[in-house]
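Each reported figure results from applying straightforward, stated rules to the coordinates on display, with no laboratory input. Because the structure is a prediction, the values reported are computed rather than measured. Using ideal geometry, Cβ is built from the backbone for each residue, glycine included, and neighbour counts are taken over all protein chains shown.
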Amino acid sequence: MIMASKGGKKAPQKGAGKKNWMKVAIPVFLILIMVLSIFAIFTSPPSDVSDNPVTEIRFNSIVDGLVIVPPGADYVRYADIQSDAGIGDWTMSNLSGSIPDPNTFGGQPQKDLLVNYPEEYFGPFAEQWVSITDFGPKYVIKNPNQTTYQGVPMRAINSLYTYSETRPTVSGRIQNVADMILYWSNPGNRSSYDNYYDLIVQLKGYPVNATDARLAVVGTTSLLNASDRYYAGITPAAEEGKYHYQAVLHFNRTLNETEKQQYKNQYELIGNTIAGFDAYQINYQGDYMILNAKGDLNTCVKDMTDSWRFIKA
């Protein structure tokens with residue numbers, strides 16, 4: 001029998017300790033479930049949508065792509081291969097060497113993000129890139145070659161290259177894939193969006209912007225030596241066979257008005273007469289040059305690759 005203690009204090013009532021423990025344990029348990037659920041978004045293996053669907057990372061534009069990769073990327077290319085037949089055909093014909101091979105991965109790429117970092121970002125080797133690829137909601141991994149690196153489960157392509165069991169799929173050198181997945185599990189408060197945000201916001205108020213572009217790139221080097229960072233993107237227009245083409249370049253120094261006018265005259269002359277755009281206009285906002293044009297797809301991608309070297313295979 002439990003008696004009252006000295007000093008008039010009552011002894012603990014039966015079950016009181018259990019109730020107090022539950023008051024603490026239940027909130028902790030709920031928080032643990034939330035944390036594990038968030039982690040599962042990045043680590044659950046792809047499965048058929050009819051069988052236990054997996055929550056997907058938002059991956060609908062180059063802006064989404066920049067948000068989900070670590071800071072410091074010096075070249076990022078986004079291609080929505082499925083949304084527009086023209087862009088899809090051009091991408092697979094001209095950039096297939098840097099897009100995951102359907103035969104190797106057992107699925108057709110629908111959206112792809114190529115991300116490159118400076119020398120030795122991931123380690124002392126040449127390959128400083130990863131591909132992040134959406135193979136569609138019904139994609140199922142059939143590669144039986146399971147492996148792990150730094151505790152991250154993967155599927156091996158060979159002894160050096162692997163791909164993740166996440167959606168979207170991360171592929172590349174094994175160290176790089178592991179680092180990307182570990183970043184997803186603990187992203188912190190910075191991403192490569194911070195490196196290019198100032199370019200993207202320059203398009204505010206334009207009819208289309210970076211979130212609309214189906215083929216888009218950002219980078220640190222182009223054929224304009226006075227620039228240190230750029231964004232460029234192509235978006236299907238309402239007119240059949242026509243595309244909006246935009247670019248924003250940041251200058252590495254402040255240009256005077258004479259220099260700005262020289263660049264404007266030079267590029268508009270080439271774009272409107274030699275290149276054959278329907279419209280090609282250069283404007284300035286402070287230390288930013290904004291290119292806004294419209295034309296057919298071949299004209300747009302030729303300007304991106306040849307005139308500026310925004311796109312790198």
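Loop-located chymotrypsin sites (Phe, Trp or Tyr not before Pro) across the range 80-139 with a Cβ neighbour count of 13 or fewer within 10 Å are Phe125, with loop assigned by DSSP. With the simple spin-label model, which puts each label point 7 Å out from Cα in the Cβ direction, the Thr220 to Tyr206 separation comes to 2.3 nm.
A cut-off under 12 angstrom between Cβ atoms defines the neighbours of Phe277, and their net charge, with Lys, Arg +1 and Asp, Glu -1, is -1.
What you get for the range 193-307, charging only the Cβ of Lys and Arg (+1) and of Asp and Glu (-1), is a dipole of about 60 debye around the Cα centre.
Approximating the spin labels as points 7 Å out from Cα along Cα→Cβ, the Asn143-to-Gln175 distance works out to 1.9 nm.
With the simple model of a label 7 Å out from the Cα in the direction of the Cβ, Ser185 to Glu240 spans 5.3 nm.
Using 0.36 nm per residue and subtracting the Cα-Cα separation, the extra length available between Asn94 and Ser159 on full extension is 20.6 nm. Averaged over residues, the count of other Cβ atoms within 10 Å places the peptides 210-221, 140-151 in the sequence 210-221, 140-151, highest first. Between Asn283 and Arg253, the contour length at 0.36 nm per residue exceeds the alpha carbon distance by 9.1 nm.
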